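Some notes on the structure that comes next.
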Amino acid sequence: MRSEAKKIIFGLIVLVFIIIFIFTIFFFTKKDSAEEINIYKETSNYKIDITYPITPISSINNKIKEMINNYRYKFINEIENKNIKYILNIKYDLTNYENLIFIHFEINNYSNFNSHTKTHITYYYDKKLNKEVNINNIILNKNILADLVNREMINYTIRGNLNFNNNIIRNKTKYKIGNYNNIILNNNGLEILFSNNDFNYLYPRNFKIIIPYSKLKGIIKDKYIKEKKYKYDFSYKRDLEQFKNKKLLAITFDDGPNYGTTDILLDELKKRDVKATFFVVGQNALNYPELVRREYLSGHQVGSHTFSHKQLTRLDSHELSEEVNYNNEIIKNITGKYPTLLRPPYGSFNDEVKRISDMYIILWNIDTLDWKNRNKDAVYNNIINEASDGDIILLHDLYQSSVEGVLMAIDKLKEEGFEFVTIDEMAKIKNNYFDKSNAYFNF
Ligand code: NI
């Protein structure tokens, strides 16, 4: 009997400890997330669904309440005497970065069927100082920031083939009241959020421009700059013996680097121990030198895709030499090494290109058409259906669909016994000696 009682007491003590443990975990995980309020109302002609947080800062709480009341009032007025069902939806997300809490609201108003309006508002505060912060507490040099964002916006429209008007871009990126209301600092850098109706009603998405911390020195306060450091990945000196008698593929990425896709791709390639070849465009390399450095330090091969992606066969010899040599200098400045491989834009080359560049010309024999289809399944299928030993696969690290599609293909092809190597590795393993008078489509 006595031992029974002991067992029960022991059991109870264990139980108490478990409960304390669970509460402790609950308390610590709960601590950072603010309390939130939900307003939900549905009638025959409207639905309102609003969620917002209660922060420790009363001035912010007041602003949030006022903003929400304004939107509700406006919405109710707009739908009065209409008899279709209308919706107002307000939701938020929180970002926590270096003691700064960013509360970003997205307001969706479906009070007019022809133009669903999406609005963004961001409030932020310093958790440690326990006070509201505004952009002036973060940014040191507004005009340089505006220039940077303007340039990024123009790149973004060129890459996406968007017909945004340059005057509107200039106006929307200028540092003035009404602009820069939606900024967030996070691990990627400074994100500036734009909504669809900022530039063109026909463009259906919101989008953000990300400026990495490496470019924000002197532009935002030092204490907010947290730059990622990458170590040299020594696995780049791979023992190529392991690839002898294996089926090999060289995946190649053109037109990058690009923040938001290249960095994710590099993370994923690393997990899979896959090495690729990046043909970088000088303009983008100047924008994101840290990504090129990371490519190189991770054991991938960095080749040239010229400075500004012009069709080389249309240039005179002086321009041609500038396009090639300027990019080679940029890459050398970043990696410490001149690239040896050239992928001419549009695959377009002639004897003049060979002579003046004095580099090895690398083309491809599998075209995923990823820039056109922008569809991960199409990218995947185009690779899977054609891959055979010695192939060179063309992709672009500008699109999320390319990254997702190629990763799916890599996983599948690895199961089938394929290995992924850089162009130089492929040539060495296949005992293929490069010749500058040739152009290489596969090995
Ligand atoms: Ni290209």
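The values are calculated or read from the model by the stated rules, or taken from the named source; none is laboratory data. Quick caveat, the model's predicted, so the values are computed rather than measured. Here the Cβ positions follow ideal geometry from the backbone for every residue, glycine too, while neighbour counts run over all protein chains shown. The area values use the complete protein model at the heavy-atom level, side chains included, leaving out ligands, DNA and RNA. Shrake-Rupley method; radii C 1.70, N 1.55, O 1.52, S 1.80 Å.
When residue 431 is tested against (1) touching a residue at least 40 places away in the same chain (Cβ under 8 Å); (2) outside any strand (DSSP E or B), exactly one condition is not met: (1).
Checking each residue in segment 244-261 for being within 16 Å of the ligand (Cβ to nearest atom) and either touching a strand residue (DSSP E or B) at 6+ places or on another chain (Cβ under 7 Å) or under 24 Å from residue 440 (Cβ atoms) (or both) picks out 251, 252, 253, 254, 255, 256, 257. Pairing residues of segment 125-148 that are within 18 Å of residue 182 (Cβ to Cβ) with residues that are surrounded by fewer than 13 Cβ atoms within 10 Å (Cβ to Cβ) and among the hydroxyl-bearing types (Ser, Thr, Tyr), at Cβ distances under 6 Å and at least 6 apart in sequence or on separate chains, gives 132/59. Condition first: modelled with pLDDT under 95 and either assigned to a strand (DSSP E or B) or in contact with a helix residue (DSSP H, G or I) (Cβ under 8 Å, 6 or more places away or on another chain) (or both). Can you find one or more residues in segment 404-423 that meet it? No.
Let's see how each residue does on (1) on the phi > 0 side of the Ramachandran plot; (2) open to solvent by less than 30 Å² (accessible area, probe 1.4 Å); (3) among the small types (Gly, Ala, Ser):
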| position | (1), (2), (3) |
| --- | --- |
| 54 | no, no, no |
| 59 | no, no, yes |
| 66 | no, no, no |
| 78 | no, no, no |
| 86 | no, yes, no |
| 90 | no, yes, no |
| 94 | no, no, no |
| 99 | yes, no, no |
| 104 | no, yes, no |
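When residues in segment 110-152 are screened for being among the acidic types (Asp, Glu) and not in a strand (DSSP E or B), 2 of them pass.
Scanning segment 310-326 for residues that are within 16 Å of the ligand (Cβ to nearest atom) and open to solvent by 60 Å² or more (accessible area, probe 1.4 Å) returns 310, 314.
Looking at the structure I just gave you, is residue 138 crowded, with 16+ Cβ neighbours inside 10 Å, over 18 Å from residue 261 (Cβ atoms) and modelled with pLDDT of 90 or more? When the stated conditions are applied, residue 138 passes them.
Filtered by the rule that a residue be open to solvent by 30 Å² or more (accessible area, probe 1.4 Å) and either aliphatic (A, V, I, L, M) or in a helix (DSSP H, G or I) (or both), segment 379-402 gives 380, 381, 382, 384, 385, 386, 400. Set side by side, the residues 346, 338, 326 differ, and just one is in contact with a Lys or Arg (Cβ under 6 Å, 6 or more places away or on another chain), closer than 29 Å to residue 290 by Cβ and among the hydroxyl-bearing types (Ser, Thr, Tyr), which is 338. In segment 23-46, what residues are modelled with pLDDT under 85 and either open to solvent by 100 Å² or more (accessible area, probe 1.4 Å) or assigned to a loop (DSSP other than H, G, I, E, B) (or both)? Selection gives 23, 26, 27, 28, 30, 31, 32, 33, 34, 44, 45. Screening 109, 143 for residues that are under 30 Å from residue 77 (Cβ atoms) and among the polar types (S, T, N, Q) leaves exactly one candidate, 109.
For segment 380-398, the set of residues classified as within 16 Å of the ligand (Cβ to nearest atom) and either within 17 Å of residue 347 (Cβ to Cβ) or hydrophobic (A, V, I, L, M, F, W, C) (or both) consists of 392, 393, 394, 395, 396, 398, listed by residue number.
Being among the acidic types (Asp, Glu) and over 20 Å from residue 272 (Cβ atoms) is the requirement here; does residue 411 meet it? The answer is no for residue 411. Selection of segment 275-309 for residues being away from the ligand (no atom under 16 Å from the Cβ) and part of a strand (DSSP E or B) yields only 301. From the list 168, 177, the lone residue that is in contact with a helix residue (DSSP H, G or I) (Cβ under 6 Å, 6 or more places away or on another chain) and open to solvent by 40 Å² or more (accessible area, probe 1.4 Å) is 168. The residue of segment 327-358 that is surrounded by the most Cβ atoms within 10 Å (Cβ to Cβ), among those that are part of a helix (DSSP H, G or I) and within 13 Å of the ligand (Cβ to nearest atom), is 327. Answer yes or no as to whether residue 107 is at pLDDT 85 or above, part of a strand (DSSP E or B) and under 32 Å from the mean Cα position of the chain (by Cα). When the stated conditions are applied, residue 107 passes them.
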